[in-house]
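One structure is given below, encoded as structure tokens.
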Amino acid sequence: MIAVKEALSEPFTLIQGPPEYLLRIPDLKVLRVYSDQVEQKEFPIPNKLKPARATRSDQELKISSDKIRSVSLHHVIRGPECPYSLELRQFEEGFTHDKAKGEIISRKEVEEYRKVIGLAEKWALQESGVQIVLCTCATSGSPRITTSCDNFQQGIVDECGMCMEPESLVPITCSGARQVVSDW
């Protein structure tokens, strides 16, 4: 506990262990941001075209544990702390109801739903008190991260040797972090 408090006050700290390790540290707020493909598996957006073939297996799209699920962005924005969760739930229940009745969901409804998701994600990334955001290199360059996260101080590319060089450049160029560290 003392080591973690010291680590958070230092400009650089190495914390070693799997993602679940960070969740055991009291008072540390972690948020895991998955790719759209993973999120769409659990919360599909109506009328969105699906790829002609699956690019990733069901195993790759599976969230590893309930602990990780509880800090996953797409679950956090639907949780009780999020001021947009009720509105999201109402949209999703309406979509389920419309689909069951065979009704077509309007483009306007989907656009409004996506707008609320964007506001909820911005809340989760900026206003919920999150201290650490975990994501892939590719996800770190997505518009929802780059437009919502103007407060990054550091970017850490773990296992950078496992990334292709262009992929590892995404967090360096897109994050806006004042410092980027990797284990190259």
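Among the residues making up region 95-114, those that are part of a helix (DSSP H, G or I) and surrounded by fewer than 15 Cβ atoms within 10 Å (Cβ to Cβ) are THR96, HIS97, LYS99, ALA100, ARG107, LYS108, GLU111, GLU112, ARG114.
For region 101-115, the tally of residues that are more than 20 Å from GLN40 (Cβ to Cβ) and of a type outside the set (Lys, Arg) stands at 2.
Screening region 148-178 for residues that are part of a helix (DSSP H, G or I) and among the aliphatic types (A, V, I, L, M) and picking the one that is modelled with the highest pLDDT gives VAL170.
All of VAL116, VAL170, VAL157 fail the test of being over 14 Å from the mean Cα position of the chain (by Cα), within 23 Å of LEU28 (Cβ to Cβ) and β-branched (Val, Ile, Thr), apart from VAL157.
Among residues of region 65-78 that are over 24 Å from GLN90 (Cα atoms), those with a Cβ under 8 angstrom from a residue that is buried (at least 20 other Cβ atoms within 10 Å of the Cβ) and not acidic (Asp, Glu), sequence gap 6+ or separate chain, pair up as ILE68/ARG32. Within region 106-130, being out of contact with any Ser or Thr (no Cβ under 9 Å at 6 or more places or on another chain) and at pLDDT below 90 holds for GLU127, SER128, GLY129, VAL130. Somewhere in region 150-172, is a residue hydroxyl-bearing (Ser, Thr, Tyr) and over 24 Å from ILE68 (Cα atoms)? There is no residue in region 150-172 that is hydroxyl-bearing (Ser, Thr, Tyr) and over 24 Å from ILE68 (Cα atoms).
The values are calculated or read from the model by the stated rules, or taken from the named source; none is laboratory data. Since the structure is predicted, the reported quantities are computational estimates derived from the model, not experimental observations. Every residue, glycine as well, gets a Cβ built from its backbone with ideal geometry; the counts of neighbours run over all protein chains shown.
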